[in-house]
Structure formats: structure tokens, C-alpha cells
Amino acid sequence: MTDIAAAPPSTVGTASHWLKKHAFSSLPASIATVLFFALLLYIAYLVFDWAVIGAVWSAENADQCPTAHGACWSVIDARYRLILFGLYPYDLHWRSTLACVAIILTVILSCIPLFWSLKRLALLWVVGFGAYYLLMEGGPIGLQEVTTDQWGGLSLTLFLFSSVVLIGMPMGLGLALARRSKLPVISYGVSILIDFIRSLPLLTTLFTAAVVVPILLPDWLHGDKIWRVIIAFALFFACYQAEVFRGGFQAIPRGQFEAGQALGLHYWQILGRIVLPQVFRHSLPGTINMVVVTFKETAIVIIIGFFEILASANAAFGTGEWAPYYIEVYVFVGLIYWIFIFSLSQYGEYLKRRMSVAKR
């Protein structure tokens, strides 16, 4: 009996099959597809011509910008220090650069599974935050002191973002646990707090911390403005994140708590070994979304006087010489935001794949 030849692999699901089925299924569909892709190519060519071919790149050739038909990247070449470092003293930009590297390196190392333990993460963030603060402040280690009102640019944006997430994440978990408390005073009190904070715009919360709180409190309780804003921002983040965690708790069957009790585990063992790993898995998509939104919302602090990267960008084209080239500045800042947000979202996808494999 002859062997039966193996059937050729199905084309279902391949790109060519999809195009044939959906894009070229009929003559009108084929014409529309060709016109659509032709329009996309034309737009891509116009953007490439503006951004690369006809662009002026160096500050020395800035006099060519008015007659050039492309972008004037000379503004970036001339003003990138102001965009990245803000009001930080010019001759001390190396400190702001090292501080920025320290905070980015801390975030990257936190994403590596090798550091996924409480002691290692705590040590890593103490070292990373300590390095950032000492480099930016300078005074405690014998360098020239730079007050927080002179911090700015990308390093300040990263500091605000990482501080808010670092403080707000455990705060959000604590609020979620308190809301599940069996004591009505705690559960109802936390519920009122969460709903109240979530009903306020973020700008109102930050404005209250920056302006209203110093009016209501005595001088010795004012503290530094930047830390008041960070704590208020972290509380705002925590209240939203608590609702994300609450959804994760609700996805866990009640029987798992009872099974842990049957095994003789106490409450914190059940929570740490059985419940929380599943809560983090269920709440991961919402958590990644909150982290991404928080990074973008750091731009709001411009309203209350902080010179973060967007405020620095506005100052970069604030002079008459560079005023016509605000689009180039915003494209540059948008690219920086895109790099960080895209990296965060891709890391979220990696975590989802890793946790889905672990679940199987």
C-alpha cells in the first residue's frame, strides 16, 4: 500500500490569504486597496521629505531654515540642553545626566526577573533613588547645592513618574485590602476616600498640594513643594490603582481562601502565597495602562510651576529666533514620550506572555 502524501500546509491565516480575502476580493475592493496604499506611500514620502531630505540639521546652518522646505532641526541642535535639563545650571548638566541614567537603570533592572524579590527590589530602589537625589541635590555629598526649584527637563519628568509609581503602587494595594476589610469603619472610610479622590481632576489635587496646603498648615509642616506634589500625585494614582486591584481580587474564587485556611495557613500567608500572585496577573492590563497614563500625566505639573520636559520644550522655542519651529520641538519631545511609553507597553506584553505561560 502506497504512502499517502502529506497534504500541503493550509494558507488560512497567512498574509497573502488575508489580503486576497479582504483586500482584493473584488474589483472595487482591489481599486480601493491600491488607492489607499498609494495614499499612505505618498503621505510617508511627504513626511520623509520634510523630516530628512529637505531638513536643516545643525545650528550653524540655522540661517537656511526660513528658505528650507523641510524641518528645521537646528532648533534641537541649539536648544536640546534646555529641553533635557530645564533650569538646571549649565555647567552641572553632567550631574543631571548621571541622575537620569541612574533612574532609568533602576527601572530597567527592576524589570529583570533576577531582582523580583522584596529585599532586592528595596535595595535597588534605595540605591537608585539615593543616587538620583544626591546627584541632583549635590549638597549632602559636598557638591554644589541645586535646589528643587531648579530641577527640570527629562530628569525631573522621570523622577516624578518613578516616585509616583513607587509610592502609589503599594499604597493602592493597601487601599484595596482596606476596602475588603470586614470592619465597616475601615471599609466604608476607605471607599469614601477612594471615591472622593477619583471624583477630583488630577490638576485640582496637585494644585491643592502645591498652593492650598501651605496656607492651611504652619510653616514647619510645609515641606518641599516637590514632595507635596509627589505625595498628592501618588495618592491620586493609588486610588485608581486600588480599583484595578479590587477587580483582580473579585476574579479569584472564594474557595481559594477557604482552601488556604484548611491547609493551616494564616491570613498573610494565604494573601502572599496564593491570592496576590493571581491578583497581579488579573490586574496586569489595567496596571500597565495606569503606568502609561501616569507617565503622560507628569506633563500636568507645568501648571503648578515645575519645569519638566514639556515646559522646557515651550521655553526652547520661546525666543523670536526659534518661535516658527515649534513643530520640530514638539516632534522631538513626542519622540521621547513615545520611546518610554512604547517600552512600557512592550514590557507589559512581555509580562502578560510570561504570566500566561506560568498559568498553564
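Would you call GLY54 farther than 25 Å from THR148 by Cβ and in contact with a His (Cβ under 8 Å, 6 or more places away or on another chain)? Answer is yes for this residue. Close contacts from segment 131-153, counting a first residue that is farther than 19 Å from VAL229 by Cα and a second that is part of a loop (DSSP other than H, G, I, E, B) and among the β-branched types (Val, Ile, Thr), with Cβ to Cβ under 9 Å and a gap of 6+ residues or different chains, come to GLY138/VAL146; GLY139/VAL146. Scanning segment 120-132 for residues that are of a type outside the set (A, V, I, L, M, F, W, C) and crowded, with 17+ Cβ neighbours inside 10 Å turns up GLY128, TYR132.
Yes or no: SER163 touching a Cys at 6+ places or on another chain (Cβ under 6 Å), surrounded by 15 or more Cβ atoms within 10 Å (Cβ to Cβ), in a helix (DSSP H, G or I) and not acidic (Asp, Glu)? No, not satisfied. Selection of segment 213-228 for residues being over 22 Å from the mean Cα position of the chain (by Cα) and under 28 Å from ALA176 (Cβ atoms) yields VAL213, GLY223.
Got a sec? Which of ASP63, ASP49, ASP77 is under 30 Å from the mean Cα position of the chain (by Cα), part of a helix (DSSP H, G or I) and of a type in the set (Asp, Glu)?
Working: ASP63 fails: under 30 Å from the mean Cα position of the chain (by Cα); ASP49 fails: under 30 Å from the mean Cα position of the chain (by Cα).
The unique qualifying residue is ASP77.
Taking segment 73-109 as the range and being of a type in the set (Gly, Ala, Ser) and buried (at least 20 other Cβ atoms within 10 Å of the Cβ) as the test, the residues that pass are SER74, GLY86, SER96, ALA99, ALA102. The combined condition, being of a type in the set (A, V, I, L, M), in a helix (DSSP H, G or I) and surrounded by fewer than 12 Cβ atoms within 10 Å (Cβ to Cβ), is fulfilled by ILE339. Filtered by the rule that a residue be surrounded by 13 or more Cβ atoms within 10 Å (Cβ to Cβ) and not in a helix (DSSP H, G or I), segment 166-182 gives ARG180, SER181. Pairing residues of segment 246-273 that are under 30 Å from ASP195 (Cα atoms) with residues that are basic (Lys, Arg) and at pLDDT 80 or above, at Cβ distances under 7 Å and at least 6 apart in sequence or on separate chains, gives ARG246/ARG179; PHE249/ARG180.
Quick check, is ALA238 closer than 29 Å to TRP268 by Cα, within 17 Å of the chain's Cα centre (by Cα) and surrounded by 12 or more Cβ atoms within 10 Å (Cβ to Cβ)?
So ALA238 passes the test.
Of all the numbered requirements in (1) within 23 Å of THR298 (Cα to Cα); (2) touching a residue at least 60 places away in the same chain (Cβ under 8 Å); (3) aliphatic (A, V, I, L, M); (4) assigned to a helix (DSSP H, G or I), LEU87 misses one, and that requirement is (4). Only one entry in VAL211, VAL229, VAL185 is in contact (Cβ under 8 Å) with a residue 24 or more places away in the chain, surrounded by fewer than 18 Cβ atoms within 10 Å (Cβ to Cβ), assigned to a helix (DSSP H, G or I) and of a type outside the set (Gly, Ala, Ser), namely VAL211.
The values are calculated or read from the model by the stated rules, or taken from the named source; none is laboratory data. Quick caveat: nothing in here was measured; it's all calculated off a predicted structure. All Cβ positions, glycine included, derive from the backbone under ideal geometry; neighbour counts span all protein chains shown.
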